[in-house]
1. Carbon and sulfur atoms: what percent of the 1.4 Å accessible area of the range 351-411 do they account for?
2. In Å², what does the accessible area per residue of the range 214-273 work out to with a 1.4 Å probe?
3. Stretched out fully, how many nm does the piece from Thr198 to Arg231 gain, at 0.36 nm a residue minus the Cα gap?
4. In the range 189-234, what percent of the accessible surface is made up of carbon and sulfur (1.4 Å probe, ligands and nucleic acids excluded)?
5. Compute the FRET efficiency between Glu223 and Glu471 as 1/(1 + (r/R0)^6), taking r as their Cβ-Cβ distance and R0 = 45 Å, and round to the nearest 0.05.
6. Just subtract the alpha-carbon distance of Ser248 and Asn161 from 0.36 nm times their residue separation and send over the number in nm, one decimal.
7. Figure the gain on full extension for Ala430 and Leu351 (residue separation times 0.36 nm, minus the Cα-Cα span) and round it to one decimal in nm.
8. Modelled label-to-label distance, Lys445 and Ala13, 7 Å Cα→beta-carbon offset: nm?
Amino acid sequence: MWTTLASMMGIWAFSQSLLSAVFPPELRYVTLKFIHRICNWFSAYCYYDITENDGVNTNELYNAVQLYLSSSASITGNRVSLSRGLNSSNITFGLSNNDSLIDTFNGVKVLWEHIVTPRNSQTFSWRPLPEEKRGFILRAKKINKGIVLTSYLDFIMEKANEIRRKNQDRLLYTNSRGGSLDSRGHPWESVPFKHPSTFETLAMCPKKKAEIMSDLLDFAKGESFYQRTGRAWKRGYLLYGPPGTGKSSMIAAMANYLGYDIYDLELTEVHTNSELRKLLMKTSSKSIIVIEDIDCSINLTNRKNNNSTGSGGSNNNSYNVSSPSPPGSGEENGGGNTITLSGLLNFTDGLWSCCGSERIFVFTTNHIEKLDPALLRSGRMDMHIHMSYSSFAALKILLKNYLGYDDDDVEKKILEQLEDVIEMAEMTPADISEVLIKNRRNKDKAVLELLEALRTRAERNNNNAVKLSRENCTVEDEEQEKRALVESPKEGVDDQLQAKCDKEEKGGHDANDDEKVL
C-alpha cells in the first residue's frame, strides 16, 4: 500500500511540474478564475469582505460589526474575546479570531466569520501596518442580498452606536477661558461625567417626570419626523424656579437617560458672536448644551424696558456681559466682552444651530420674568419646566431615596401630617434632603425632625402672609385718608363760591365774604 501511495505521489508531482512547464501562470490563473466563477454561479450564497483598514483609513463598518456581534457572542459564542475601552465602565465581548457566528435579522440568517491572518513582512513605510490582517466575512443567501446591503447594515451601525454610548462614560465639557484652544486645537475641555442623578431618584411629580421622559424619548427617536417636517433635529428646554429645586439634577438625569454628553457653556468667557458660533460648531451630536443661570451670566432683560430707560432709545439688541471688569482694564468704557441677543438667538434657533443634529439646548433661570420673550418662544425653548417647591409626591421620593422608606414604612398619622403642611411650608428638595441626610442613621428621628421643620416653615410663612396682608390694609387706609384730606378743602371752597354766587344774584355784596373766599 505504501509503495502504491508513493508511486501515485510521484506521478502527481511529475504531472504538476509538467503542467507548470506547459501552461504559463497567466493561463492557469484564468482557468482557476473561470472555475471559481462557475462555482459561484451555481452557489446559493454571496460573500462580503469587511476589512479592518480601508486603505490608509480605519473602516468604521469593521468597528461597528465588532461591537454589534459582541452582544450575540456573549450568549452563543464558545470562544469569546473580552475587552474594556478607554473611559468605559463595562466589559465588551467580541468574536474570537477565526471563529464564526450565526445571526438572524427579520427572519434572514447570515453567517459571520472573523478572519485573522499574519501579514507578509513589509518594506520600509512611513505608516507601518499591523502585523495581522483582520476582517469579517459575511455570508448570506443571494435572495436576501437586498436586505443585507440596506436594512441589515444600517441596523448594525445604529446598534453599534447605541452600544458605544452605553459602554462609554459621559463627558462634561466646558469652554476654555478666553476662547483659547487646548493641545488638540479644541475650544472645549472635558472631564468624565459621573453624576448619579436619574429620573427615578429625581424628586418631582411622577406624572410630570413621565411627560418629560416621553418627550425626550420621542426626540431621540424622531430623526425621520424632523426630516419629514423640515425642522432641525434639536429641542430646547427651559428650567425655571427657586434655587434648590433640582434644576442641575434634572440636566444630569436627562444626560444619563439619553446617554448624551453635556456641554456647559460659560457665556462670560465668550467674547463675540463669532466665538459663540465656533463653540457650537465644535460640539458633537447627541449632546446637551447647557447655559445655567442665564439671567445672571449676561443681561438679557426685556428689550422694551431697556429701550424705555435708554438715553438714546436705539435698539441694537446688544447686552454687556455682567461680570465686573478690573479697574484700568479698558473695559469700563464699553470695550468689554459683548454678546448680542441676536447672536444668542441664532445660536439656539438660527442657521448655525443646524450645523449638527440631535442636540438639546437647556437654559436655567431663577427669574423667568427677566428674560426676553424672544428667547422663550417655541422653537427656541420648546418646553418650559417649572421646578417648584416639594410636593407630597416628591417628599415620598426623597424619603425612599435617603431613608429607604415606602408608604407602608411610615405611620399613617405622620404621613397625613406631612401632607397637610408640605404645601404651606414651601421647602425645596435641597432643604428637605439636608434634614434627611443629617439624621439618616436614625430614620424615625429624621422623619420627626422633618415634620417639625415643615411645621416651623409653614407657621413662619403663614405669619409672613398675615403680616403682609396687614401692611397692605394699612397702606390702603393711609391712601384713603390722604385722598380724603385732599378732597375735603376743595369741597369747602366750592361751597363758599356757591354761596357768593347766590348773594350776587340777589343783589347783595359783602366784602367780608369776598375776603373769606380769597
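The values are calculated or read from the model by the stated rules, or taken from the named source; none is laboratory data. Remember, predicted model here, so these are calculated numbers, not experimental data. Cβ sites come from the backbone with ideal geometry, for glycine too, and all protein chains shown count toward neighbours. The accessibility values were calculated without ligands, DNA or RNA, using every heavy atom of the protein model including side chains. Shrake-Rupley method; radii C 1.70, N 1.55, O 1.52, S 1.80 Å.
1. Working: 1360 of 2760 Å².
About 49 percent, which is the carbon plus sulfur part of the accessible surface.
2. Numbers: 2410 Å² over 60 residues.
Here the per-residue accessible area is 40 Å².
3. On the way: separation 33, 0.36 × 33 = 11.88 nm, distance 2.91 nm.
Full extension from Thr198 to Arg231 adds 9.0 nm.
4. Details: 1650 of 2960 Å².
Carbon and sulfur atoms account for 56 percent of the accessible area of the range 189-234.
5. Values: r = 57 Å, r/R0 = 1.26.
Once rounded, the FRET efficiency stands at 0.20.
6. Numbers: separation 87, 0.36 × 87 = 31.32 nm, distance 2.67 nm.
So the extension gain works out to 28.7 nm.
7. On the way: separation 79, 0.36 × 79 = 28.44 nm, distance 3.92 nm.
Result: 24.5 nm gained on full extension.
8. According to this spin-label approximation, the distance is 9.5 nm.
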